[in-house]
Amino acid sequence: MLLSEITIQLSAWKASPGALRLPFSNASGEQLGHLICVGKDDWLDEELAQKIAEWRERDKLAFATRFIPDVAKTKGYLQHVAFAGKDRILFRLTDMDDMLVGHIGLANINNSTADLDNLMLGNRDKGLEFIHAAEIELLHFCFDVLGVERVAADVLSTNLGAQLLHRSIGFKATVKTPLDSKIDGSGTEVLSPAQDVAAPTSDINNIRFELEMLKFHKRFPPNPANR
């Protein structure tokens, strides 16, 4: 797709509740759940906002921006970032009973690249197989529907679970960046690229993972239905 076509299509999906619902299955073909696009009115969903806030608080050390989340902040994010952002999309992760168990998204989407964003398995009982299958389906969406050529993911060096997940699908670590830790005026800790890489103010690195379409398709051939 051309960039203008991607932007128009993302807006259309987000404007139409239920218009984008992607089933995903394990390696044996057993369907596990769905990725459901978060749309224009989902910021009003109290359960969605509450769950995202709870999960963010529980797993805040997995993120480079560490604040105290609440429902109001989460609703603001859903309305003004997830929905309004022209180069991003967020999906609910639901199981076969349509229960909300996590979320996963894309950011910085253009006609050649995209970044995995906001990956969260809220219900840990679902395990690695569930989130592995969900990420594979999201990558099929990137490569087979949007037509991007490369997908990247930024992961903190302390987040071993996310690193294992991405590597299991074929992502390769390309760049490791030392990070500084700063507390802003609101009390939020922000990890950002170190001003002096020889003397960063934290012991955490950002690891950039990347996966190209051709390498992904060697392991996970495209679904003709998505063409």
Scanning for something out of contact with any Phe, Trp or Tyr (no Cβ under 9 Å at 6 or more places or on another chain), at pLDDT 95 or above and either among the hydroxyl-bearing types (S, T, Y) or farther than 23 Å from I89 by Cα (or both), does the stretch 144-157 turn up at least one residue?
-> yes
Check on F91, touching an Asp or Glu at 6+ places or on another chain (Cβ under 6 Å) and either aromatic (F, W, Y) or assigned to a helix (DSSP H, G or I) (or both) | no
Within the stretch 172-204, considering residues that are under 30 Å from K215 (Cβ atoms) and open to solvent by 70 Å² or more (accessible area, probe 1.4 Å), the one nearest to the chain's Cα centre (by Cα) | K172
Among the residues of the stretch 17-39, is any assigned to a helix (DSSP H, G or I), touching a residue at least 40 places away in the same chain (Cβ under 8 Å) and surrounded by 12 or more Cβ atoms within 10 Å (Cβ to Cβ)?
-> no
Can you pull out the residues in the stretch 110-122 that are more than 16 Å from the chain's Cα centre (by Cα) and open to solvent by less than 50 Å² (accessible area, probe 1.4 Å)?
-> S112
Quick one: count up the residues across the stretch 149-171 that are over 14 Å from the mean Cα position of the chain (by Cα) and surrounded by 22 or more Cβ atoms within 10 Å (Cβ to Cβ).
-> 1
Evaluate the following for W43: is it among the aromatic types (F, W, Y) and touching a residue at least 60 places away in the same chain (Cβ under 8 Å)?
-> no
Residues within the stretch 49-69 that are touching a helix residue (DSSP H, G or I) at 6+ places or on another chain (Cβ under 6 Å) and either crowded, with 21+ Cβ neighbours inside 10 Å or assigned to a loop (DSSP other than H, G, I, E, B) (or both), tallied | 3
Condition check for A72: closer than 27 Å to S11 by Cα, assigned to a helix (DSSP H, G or I) and open to solvent by 60 Å² or more (accessible area, probe 1.4 Å) | yes
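The values are calculated or read from the model by the stated rules, or taken from the named source; none is laboratory data. Everything quoted here is computed from the prediction, not taken from an experiment. For neighbour counting, all protein chains shown are included, and Cβ atoms are generated from backbone atoms with ideal geometry for every residue, glycine included. Side chains are part of the model used for accessible areas, which takes the heavy atoms of the whole protein and leaves out ligands, DNA and RNA. Shrake-Rupley method; radii C 1.70, N 1.55, O 1.52, S 1.80 Å.
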